[in-house]
Structure formats: C-alpha cells, structure tokens
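Note sheet for the following structure.
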Amino acid sequence: MNPNARYEYLGDMARIDRLSAPDISDRSYAVTANFDVDEVAEGVILAWGSRFGGFVLYINERQLCYEYVYSESQKHTLGVDFPQHPGKRVIQLKFERVGTRAGRASLVVDGAVAGALDIPRTWPTHGTTAGLNCGRDAGSPVSDAYERPFRFSGRSLRVTVELEDEVSHNPGAAYQAVLREQ
C-alpha cells in the first residue's frame with residue numbers, strides 16, 4: 001500500500017490545512033471512526049471544509065449524518081438511525097467513485113450498511129475551502145444543522161481515511177487549480 005494512502009486523526013487534534021489533508025478528488029475512499037460510548041454519543045466526528053465546499057460526518061439526535069457540500073447552494077445529506085448503546089463503536093463512510101467527478105456515499109454502522117446517497121458532482125480539485133478537523137467543527141461550519149464547534153462526546157475517537165488507488169491524476173494541475181481558487 002502507498003504510505004500516503006492512509007491517514008489517521010485523533011479527536012480534538014489541531015486543524016489540518018486543506019493542502020495537507022488527503023486528496024480525495026475524483027477517487028474512492030473510506031473514513032472509519034472508532035470510539036467508545038458511555039451512554040449517548042453526539043457531535044462532529046470529522047469536518048472537512050466549510051459551507052462553501054466540504055463534508056461533515058456527525059451524530060445528532062440519534063442520527064448518524066453525512067453532509068456533502070458541493071457549493072454554498074448545493075449540498076447532499078444522508079441521515080441514518082444510530083442506535084445508542086455503551087461500548088466500543090465503529091462507523092464508516094464509504095465513498096465510491098462511480099464516474100468522472102461523481103460518487104456514491106454509504107454509511108456503515110457497526111458493520112451493517114445503514115444508507116446510501118448518490119452525489120452527481122464532486123469537487124474538481126484537491127483542497128476544499130477550509131481545513132480538516134477531527135472531533136469538532138472548529139472553523140467556518142460545514143453544516144447549519146448544529147452550532148459549532150459541536151464537540152464529539154464519545155471517548156478515544158480515532159478516525160482513519162484510506163484512499164483507493166489514484167485515477168489518472170495530475171498533482172501539478174490540481175495544485176494550480178487550487179491556487180486559481182484563491
């Protein structure tokens with residue numbers, strides 16, 4: 001496996017700059033969160049970007065929620081039941097590339113697929129409009145469904161992002177495209 005294909009984050013760690021975060025542009029990837037729950041878990045698991053472009057994975061009111069923000073006016077939302085019980089928990093966001101700049105997101109709770117969502121258009125470049133936060137949404141919020149920072153209440157949060165092999169990707173062109181966005 002390519003050493004740059006797996007990234008690991010811990011709850012409440014420092015914000016990761018957008019160009020230092022994994023390049024998920026036009027590729028399949030999986031986000032896996034492991035944590036412990038005493039009674040009820042809620043809060044942001046992973047926030048990537050802002051309301052202008054990004055995604056967020058969070059638990060709110062017994063729902064595991066995923067929001068993919070393509071732009072300020074276009075977002076896709078998936079919410080599934082999140083049964084609350086104490087102990088070790090594992091949730092996963094699987095994003096499958098289904099075409100050029102298009103994908104399908106699935107939420108997996110404790111090993112079972114709980115729901116899926118088609119995303120017809122994904123970001124064209126590496127790096128959304130803000131950085132990456134684990135265990136809270138510390139920047140400009142990705143979603144208006146919660147009040148930031150909406151800290152995650154579970155314990156020992158560990159999030160892994162695993163990238164599948166790159167599609168024909170030109171890092172120099174992607175970098176130039178991000179600079180043009182500035």
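Just so it is clear, none of the values below were taken in a lab; they were calculated from the coordinates. Quick caveat, the model's predicted, so the values are computed rather than measured. Neighbour counts are summed over all protein chains in view; Cβ atoms, including those assigned to glycine, are modelled from backbone coordinates with ideal geometry.
The charge dipole of the chain, taken about its Cα centre with unit charges on the Cβ of Lys, Arg, Asp and Glu (plus for the first two, minus for the last two), comes to roughly 220 debye. Only helices enter this figure: runs of n ≥ 4 DSSP H residues, each worth -39500 (n - 2.57), summed and divided by the residues of the chain, yield -2000 deg cm²/dmol at 222 nm to the nearest 500.
Farthest toward the positive end of the dipole of the chain, out of S25, N133, V161, is the Cα of S25, where the dipole comes from beta carbon charges about the Cα centre. Exposure here means at most 11 other Cβ atoms within 10 Å; with GluC sites (Glu not before Pro) in a DSSP loop as sites, the longest stretch of the chain lacking them is 73-146. GNM remark for the chain: springs join alpha carbons under 10 Å apart, and the peak mean-square fluctuation among T32, T100, T160 falls on T100. Selection among Y9, P124, L78 by position relative to the dipole of the chain gives P124 as farthest towards the positive end (Cβ unit charges, Cα centre). Using a Gaussian network model of the chain in which every pair of alpha carbons under 10 angstrom is joined by a spring, one finds that among A112, A102, A30 the greatest mean-square fluctuation is at A112. Compared with the dominant Cα axis of the chain, that is its longest principal axis, helix 171-181 is turned about 80°. Kirkwood Rh over alpha-carbon pairs of the chain, then Stokes-Einstein at 10 °C and 1.306 mPa s: what D in µm² s⁻¹, rounded to an integer? Once the numbers are plugged in, D ends up at 97 µm²/s.
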